[in-house]
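Asker: To start, I am sharing the structure in question, which I have written as structure tokens.
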């Protein structure tokens with residue numbers, strides 16, 4: 001059994017998508033980041049960076065004590081190794097998946113995240129910052145669109161954890177100032193993944209927690225005013 005410490009963010013959706021895709025039993029433990037659940041001592045024991053998602057695997061491969069994992073990319077890799085699914089064993093194919101996973105972790109996620117912040121959450125609207133991150137998000141969409149021009153999935157002919165990592169960051173495309181019709185190969189890929197039964201189930205899971213969401217004003221200080229002193 002996997003305990004998934006989760007909230008309804010793109011990084012949270014990655015893990016429910018993966019778990020639904022492979023059929024691995026899991027239990028959701030909601031961490032309401034708008035109310036500060038991520039700072040509770042019991043969560044920090046699992047996720048010292050006070051970010052979701054995180055997992056605890058009570059039945060790790062090879063037995064022994066439960067294993068906890070934080071950071072969504074590390075979780076995806078851990079679960080892929082555990083299940084033998086969604087990460088190819090052939091070296092060249094595996095490299096394709098790994099580099100696009102890291103492209104999402106180091107590029108699309110951070111840039112889209114800053115896009116969300118300056119356009120939706122920042123108390124002061126800074127035109128340069130908004131333009132900077134909207135344009136960079138668009139550039140990354142262009143990279144992905146070009147990549148998908150001659151293959152059905154990001155890493156090639158087979159659906160993989162790279163697709164799962166990227167998809168939730170495309171879902172809020174309108175908030176990011178993007179139009180999918182400007183990226184036809186990306187749009188085709190997006191609609192195909194959206195229709196997958198596992199994706200549908202994962203996003204239905206998120207609906208269970210929507211009524212617990214907290215408004216921007218109420219959550220801003222918790223989400224964006226952390227510093228080294230608050231960690232210490």
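We did not get these values from a lab; they are worked out from the coordinates using the rules stated. Here the structure is a predicted model, which is why all the values come from computation and not from measurement. Glycine also receives a Cβ, built like all others from the backbone with ideal geometry; neighbour counts cover every protein chain displayed.
Asker: Cut-off is 10 Å between beta-carbons; in what order do 96, 59 appear when sorted fewest neighbours first? Walk me through the intermediate numbers first.
Answerer: Numbers: 96 20, 59 12.
Going from sparsest to densest Cβ surroundings: 59, 96.
Asker: Roughly how many nanometres apart are two label points built 7 Å out from the Cα toward the Cβ at residue 204 and residue 230?
Answerer: 3.6
Asker: May I ask you to derive the relative contact order of the stretch 91-195, considering only C-alpha pairs under 8 Å and at least 6 residues apart, and to give it as an integer percent?
Answerer: 33
Asker: Sort 185, 116, 13 so that the residue with the fewest other Cβ atoms within 10 Å of its own Cβ comes first and the one with the most comes last.
Answerer: On the way: 185 16, 116 19, 13 24.
Ascending number of Cβ neighbours within 10 Å: 185, 116, 13.
Asker: Between 30, 88, 127, where does the largest GNM mean-square fluctuation fall for the chain, given springs only between Cα atoms within less than 10 Å?
Answerer: 127
Asker: Oh, and also: Going by the alpha-carbon gyration tensor, a ≥ b ≥ c the square roots of its eigenvalues, is the chain rounded (a/c under 1.5) or, if a/c is not under 1.5, prolate (a/b greater than b/c) versus oblate? Walk me through the numbers before you get to the answer.
Answerer: Numbers: a/c = 1.69, a/b = 1.01, b/c = 1.68.
Oblate shape, in that a/c is at least 1.5 and b/c is the bigger or equal ratio.
Asker: Right, next: I want to check the label-to-label distance for residue 211 and residue 90. Put each point 7 Å from Cα in the C-beta direction and report it in nm to one decimal.
Answerer: Those two pseudo-labels are separated by 4.9 nm.
Asker: Continuing with the same structure: Which of rounded, prolate, oblate describes the stretch 91-195, given a ≥ b ≥ c as roots of the alpha-carbon gyration tensor eigenvalues and a/c under 1.5 marking rounded, otherwise prolate only if a/b is larger than b/c?
Answerer: Numbers: a/c = 2.39, a/b = 1.81, b/c = 1.32.
Because a/c hits 1.5 or more and a/b exceeds b/c, the stretch 91-195 counts as prolate.
Asker: Let me have the 222 nm mean residue ellipticity of the chain computed from DSSP H runs of 4+ only, each contributing -39500 (n - 2.57), with the sum over all residues rounded to the nearest 500.
Answerer: -15000 deg cm²/dmol
Asker: Next question, about the same structure. Return the FRET efficiency for the residue pair residue 195, residue 117: r is the Cβ-Cβ distance, R0 is 35 Å, and the value is rounded to the nearest 0.05. Intermediate values should be presented prior to the final figure.
Answerer: Values: r = 30 Å, r/R0 = 0.86.
So the FRET efficiency works out to roughly 0.70.
Asker: Next question, about the same structure. Return a whole-number percent for the relative contact order of the chain, with Cα pairs under 8 Å and 6 or more residues apart as the contact set.
Answerer: After rounding, I find 24 percent.
Asker: Between residue 171 and residue 83, what length comes free when the chain is fully extended (0.36 nm per residue of separation minus the Cα-Cα distance, one decimal in nm)?
Answerer: Contour length minus the Cα-Cα distance gives 29.1 nm.
Asker: So which residue, out of 145, 32, 49, gets the largest mean-square fluctuation from a GNM of the chain using Cα contacts under 10 Å as springs?
Answerer: Checking each option, the largest mean-square fluctuation is seen for 49.
Asker: Using the number of other C-beta atoms within 10 angstrom as an exposure proxy, rank 134, 171 with the fewest first.
Answerer: Arranged by neighbour count, lowest to highest, 134, 171 become 171, 134.
Asker: First check a/c for the stretch 1-77, with a ≥ b ≥ c the square roots of the eigenvalues of its C-alpha gyration tensor; if it is under 1.5, answer rounded, and if not, answer prolate when a/b is larger than b/c or oblate otherwise.
Answerer: oblate
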